[in-house]
Amino acid sequence: MRHFAPVTILSLALVACGGAPPVKSPEAGTAAEEAPALPTAEPESQPIDASPPAEASADANTGKEFKLNASDTAKGAHGAKASKIAPTKTEAAMKFTVVDKEKGPITGIVISLTAPDGTKYYTEETDSEGYAEVLVRAGQKYEVVYLSLGRKEINATVPVSDEPNQNIRLTLRYKRFTPAPALLAKRGAASATEPRFVLQGVSFDTAKATIRAESFSRLDSVVEYMTHRKSARIEISGHTDNVGDAKANKALSVRRAQACRDYLISKGIEGSRIEFVGYGDERPIAPNDTDAGRQENRRIEAKEL
């Protein structure tokens, strides 16, 4: 009977679209909803770790898929504390380290892996050494993303063979999308320093605070983020265009923000972790002199506190 214990190491770069980590970076003011489609994860020329020769390769044009090669350091990989997981005949131990190129380890990041059948696996938040881990079923290819308040797109795929007792070590370089100066100017000075995200797709009945059913999937992504990033606290803010009475618009924006908070609470998120506020037409992000601009201004935003 074969009894393999392959160990692998991978180094790649993912782009983060939200959920400001405890370690702040100069690029933290990001309008994720304005980000273009994320680039493929970029293979580094060498693994970050000073381990025996082991490289990961990927074709950036065709795959976002990384090939794993042998290393003898994966089995003993751990963070600030000893590893809590061990691979089995059917499960592989995925061991992540998340780092910023200049600032080093990044704490508070949750990594999500999605199997072809839609099954999701989540790490806990990365610790003081940027480390997190999770067991996943062997013999599948996984889509890897940082869990985020902002828009999520697939950053990379990692194939896991069906061999038993696998330890897989991955070093992820944390990168945050920075919008062009013109976009920051459009949003105003405050937007350049606050990581605020428009919850695209969240809509309401006209002149009411009744959330439309098509909005639930977008709000559910916030639930997912809050569920697995347990240290996160957020502010939900409501915004309107400038049509009608300003006082009435502000009151409506408050009710809509509260409705979103109530939805998150109904899904099990503690109310103490969610603040809400309404700004009415005080913070436009587009001109109010066109239908398209007014539509853009009628929005719900979220930011991490």
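The values are calculated or read from the model by the stated rules, or taken from the named source; none is laboratory data. The structure presented is a predicted model; accordingly, all values stated were derived computationally and were not measured. Counting neighbours? That spans all protein chains shown, and the Cβs are built from the backbone with ideal geometry, glycine included.
Return yes when Ser215 is within 25 Å of Tyr121 (Cβ to Cβ) and polar (S, T, N, Q) and no when it is not. Answer is no for this residue. Scanning the range 72-102 for residues that are surrounded by fewer than 14 Cβ atoms within 10 Å (Cβ to Cβ) and among the basic types (Lys, Arg) gives Lys81, Lys84, Lys89, Lys101.
Please tell me if Ala251 is surrounded by 22 or more Cβ atoms within 10 Å (Cβ to Cβ) and either under 20 Å from Glu304 (Cα atoms) or small (Gly, Ala, Ser) (or both).
no
Scoring Glu214 on the criteria (1) part of a helix (DSSP H, G or I); (2) crowded, with 17+ Cβ neighbours inside 10 Å leaves a single failure, condition (2).
Check whether at least one residue in the range 81-91 is assigned to a strand (DSSP E or B) and modelled with pLDDT of 95 or more, and report yes or no.
Residues of the range 81-91 assigned to a strand (DSSP E or B): 91.
This time we only want the ones that are modelled with pLDDT of 95 or more, so: 91.
Yes, the range 81-91 has at least one match.
Every residue in the range 109-123 that is touching a residue at least 24 places away in the same chain (Cβ under 8 Å), in a loop (DSSP other than H, G, I, E, B) and surrounded by fewer than 21 Cβ atoms within 10 Å (Cβ to Cβ), please. Within the range 109-123, Ala115, Pro116, Thr123 qualify. With the structure loaded, tell me whether Lys250 is over 23 Å from Leu147 (Cβ atoms) and assigned to a helix (DSSP H, G or I) or whether it fails that test. Spelling it out, Lys250 is indeed over 23 Å from Leu147 (Cβ atoms) and assigned to a helix (DSSP H, G or I). Residues in the range 256-268 include at least one that is touching a residue at least 24 places away in the same chain (Cβ under 8 Å), in a loop (DSSP other than H, G, I, E, B) and surrounded by fewer than 21 Cβ atoms within 10 Å (Cβ to Cβ). Taking the conditions exactly as written (farther than 30 Å from Val134 by Cα and modelled with pLDDT of 95 or more), does Arg273 satisfy them or not? For Arg273, the condition - farther than 30 Å from Val134 by Cα and modelled with pLDDT of 95 or more - is not met.
Determine if the range 198-209 includes at least one residue that is modelled with pLDDT under 95, under 15 Å from Tyr279 (Cα atoms) and not in a helix (DSSP H, G or I). The answer is yes, given that some residue of the range 198-209 is modelled with pLDDT under 95, under 15 Å from Tyr279 (Cα atoms) and not in a helix (DSSP H, G or I). Filtered by the rule that a residue be within 18 Å of Arg218 (Cα to Cα) and either hydrophobic (A, V, I, L, M, F, W, C) or not assigned by TED's automatic domain parsing to the domain that holds Asn242 (or both), the range 264-280 gives Leu264, Ile265, Ile269, Ile274, Phe276.
Checked against the criteria, Arg256 counts as touching a strand residue (DSSP E or B) at 6+ places or on another chain (Cβ under 6 Å) and modelled with pLDDT of 95 or more.
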